[in-house]
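The values are calculated or read from the model by the stated rules, or taken from the named source; none is laboratory data. Keep in mind that this is a model prediction, so the values were computed, not measured. Positions of Cβ are backbone-derived with ideal geometry, glycine not excepted, and every protein chain shown enters the neighbour counts. All accessible areas refer to the heavy atoms of the entire protein, side chains included, with ligands and DNA or RNA removed. Shrake-Rupley method; radii C 1.70, N 1.55, O 1.52, S 1.80 Å.
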Amino acid sequence: MRILITGGTGFVGKTLVPFLYGHGHTDLCLVIRNREKAVRLFGEIPLTYIDCMAEGWTSEVISYNPDAVVHLATLFTGKNDADTARAVVDSNILFTTLLLEALSYTCCRYFINAGTFTEFLYGNEQYFANNLYSASKTAVRPIIRYYQTLGGWNWFNIVIYSPYGRKNEQKKVIDFLAGALGSPVPVKFSGGGQLLDFIHVDDMADFFCTLLEKAKTLREPYYQFHLGTGTGHTLREVGRIMEELSGKKLNADWGGYPYRPLDTMYAVAPIAKNLEVLNWCSRISIEEGIWIYLGDRGIC
């Protein structure tokens, strides 16, 4: 298949691209903002690049004529202000719409969209976003549905839980926990009672690869998969695992910050459909994943 990937230089993408190439998917096109960064990450992999900052980039999408799209590009932020609102709408709604408009002139068969568990604050599949970013991921869904109707392609919506692994430019909670290992001063956290489903990015790459390889066997026009392990751990539990594996004290000030009004306190992926439809489940336990992560960070 010809596979077009947005967000290829982001957290998931920089693991997914070499994973796909290593599993025989060699016709890959990345829609990017920063070619220098992409070449630095993937210089040894022959890729097609489309610069979405250049005028006419949607025409290049049409010319590439992908069979499948993995839409990972997003602006993730917890901020609320006018400038952030514009940036979130431009990145998560306008960019997605322009991409979909271009795809309506192609022979695209599969559109894989990355969503987030924070679209469902209370975990009951009813939309209730806990921040502007999450709300934008929900807001774009009717637009995807509209273009799906035009194009007749299959839409796979992937609800991503708490990802971690490798080195991140934008810190996630596990990165802050790692920063507290052996810290000479206490690092403030909330109470640490949030029960979350942490999934290693290597498992995520394996999931997307599996989905692409099995897409042609899936007959329904729409599937939603929850990408997690199916097992939850509190932040305090994750901290204890880090301490045990690293041999370092986690200098955490639990309760140093109050819980936020819209903090997600429980989010564990329902994985039955992953098993039933794709015969897929995560392979990396939290202990193994943190061990890999700490090694990547040079902590142990």
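Looking at the range 278-298, I want the residues that are touching a residue at least 24 places away in the same chain (Cβ under 8 Å) and of a type in the set (Phe, Trp, Tyr) and have a partner that is assigned to a loop (DSSP other than H, G, I, E, B) and crowded, with 20+ Cβ neighbours inside 10 Å with Cβ atoms under 6 Å, at least 6 apart or on another chain. Which pairs are those?
Final answer for the pair search is Tyr293/Gly165.
When Asn124 is evaluated against the numbered criteria (1) closer than 29 Å to Lys79 by Cα; (2) open to solvent by less than 30 Å² (accessible area, probe 1.4 Å), which criterion, by number, is the only one it fails?
All conditions pass for Asn124, except number (2).
If we scan the range 140-147, do we find a residue that is modelled with pLDDT under 95, within 22 Å of Asn80 (Cβ to Cβ) and open to solvent by less than 30 Å² (accessible area, probe 1.4 Å)?
no
Starting from residues that are part of a loop (DSSP other than H, G, I, E, B), touching a helix residue (DSSP H, G or I) at 6+ places or on another chain (Cβ under 7 Å) and aliphatic (A, V, I, L, M), keep the ones in the range 52-79 and report whichever is surrounded by the fewest Cβ atoms within 10 Å (Cβ to Cβ).
Leu75
Considering only the range 99-120, state which residues are open to solvent by 60 Å² or more (accessible area, probe 1.4 Å) and either touching a residue at least 60 places away in the same chain (Cβ under 8 Å) or more than 18 Å from Glu60 (Cα to Cα) (or both).
If we filter the range 99-120 for residues that are open to solvent by 60 Å² or more (accessible area, probe 1.4 Å), which is where we start, we get 101, 105, 107, 109.
Correct list: Arg109 only.
Does Ser246 qualify as being touching a Ser or Thr at 6+ places or on another chain (Cβ under 7 Å), under 30 Å from Thr9 (Cβ atoms) and of a type outside the set (A, V, I, L, M, F, W, C)? It would help to see each step written out before you state the result.
Numbers: touching a Ser or Thr at 6+ places or on another chain (Cβ under 7 Å): no; under 30 Å from Thr9 (Cβ atoms): yes; of a type outside the set (A, V, I, L, M, F, W, C): yes.
In short, no.
What tally of residues in the range 262-293 results from selecting those that are in a helix (DSSP H, G or I) and open to solvent by less than 20 Å² (accessible area, probe 1.4 Å)?
Let us first name the residues in the range 262-293 that are in a helix (DSSP H, G or I), namely 272-278, 286-293.
Narrowing the set further to residues that are open to solvent by less than 20 Å² (accessible area, probe 1.4 Å) leaves 274, 278, 286, 289-290, 293.
Residues that pass the stated criteria total 6.
Scan the helices (runs of 4 or more DSSP H) fully inside the range 127-237 and keep the ones with 3 or more residues being more than 21 Å from Met265 (Cα to Cα) and without any contact (Cβ under 8 Å) to a residue 60 or more places away in the chain. Show your work before the answer.
Values: elements: 132-139, 141-151, 173-179, 201-214.
Output list reads 141-151.
Considering only the range 193-213, how many residues are small (Gly, Ala, Ser) and surrounded by fewer than 17 Cβ atoms within 10 Å (Cβ to Cβ)? Full working, then the answer.
Quick first cut of the range 193-213, residues small (Gly, Ala, Ser) only: 193, 205.
Cutting the leftovers down to surrounded by fewer than 17 Cβ atoms within 10 Å (Cβ to Cβ) gives us 193.
Count: 1.
Could you tell me which of the residues Leu20, Leu16, Leu30, Leu41 is in a strand (DSSP E or B), under 21 Å from the mean Cα position of the chain (by Cα) and either touching a residue at least 24 places away in the same chain (Cβ under 8 Å) or surrounded by fewer than 16 Cβ atoms within 10 Å (Cβ to Cβ) (or both)? Outline the logic, then answer.
Numbers: Leu20 fails: in a strand (DSSP E or B); Leu16 fails: in a strand (DSSP E or B); Leu41 fails: in a strand (DSSP E or B).
None of the others qualify; the one that does is Leu30.
Of all residues in the range 214-235 being buried (at least 17 other Cβ atoms within 10 Å of the Cβ) and under 22 Å from Ala178 (Cα atoms), which is nearest to the chain's Cα centre (by Cα)? It would help to see each step written out before you state the result.
Filtering the range 214-235 down to residues buried (at least 17 other Cβ atoms within 10 Å of the Cβ) leaves 215, 223, 225-230, 232-233, 235.
Cutting the leftovers down to under 22 Å from Ala178 (Cα atoms) gives us 228-229, 232-233, 235.
On the way: Gly228: 11, Thr229: 14, Gly232: 18, His233: 19, Leu235: 20 Å.
Among residues in the range 214-235 that are buried (at least 17 other Cβ atoms within 10 Å of the Cβ) and under 22 Å from Ala178 (Cα atoms), the one nearest to the chain's Cα centre (by Cα) is Gly228.
When you go through Glu220, Glu213, Glu243, Glu237 one by one, which is the residue that is in contact with a strand residue (DSSP E or B) (Cβ under 6 Å, 6 or more places away or on another chain) and of a type in the set (Asp, Glu)? Full working, then the answer.
Details: Glu220 fails: in contact with a strand residue (DSSP E or B) (Cβ under 6 Å, 6 or more places away or on another chain); Glu213 fails: in contact with a strand residue (DSSP E or B) (Cβ under 6 Å, 6 or more places away or on another chain); Glu237 fails: in contact with a strand residue (DSSP E or B) (Cβ under 6 Å, 6 or more places away or on another chain).
Only one candidate qualifies: Glu243.
Against the condition open to solvent by less than 40 Å² (accessible area, probe 1.4 Å) and closer than 22 Å to Ala205 by Cα, how does Thr96 come out, does it pass? Explain how you work it out, then say what you get.
On the way: open to solvent by less than 40 Å² (accessible area, probe 1.4 Å): yes; closer than 22 Å to Ala205 by Cα: yes.
Taking the combined requirement at face value, the residue satisfies it.
Restricting to the range 236-267, count the residues that are under 24 Å from the mean Cα position of the chain (by Cα) and among the acidic types (Asp, Glu).
Number of matching residues: 2.
If Val88 satisfies every condition in (1) surrounded by fewer than 15 Cβ atoms within 10 Å (Cβ to Cβ); (2) in contact (Cβ under 8 Å) with a residue 24 or more places away in the chain; (3) part of a helix (DSSP H, G or I) but one, which is the exception?
Condition not satisfied by Val88: (1).
Only residues that are open to solvent by less than 70 Å² (accessible area, probe 1.4 Å) and in a loop (DSSP other than H, G, I, E, B): list them for the range 248-261, please. Spell out the reasoning first.
Step one: list which residues in the range 248-261 are open to solvent by less than 70 Å² (accessible area, probe 1.4 Å), which gives 250-256.
Result: Asn251, Gly255, Gly256.
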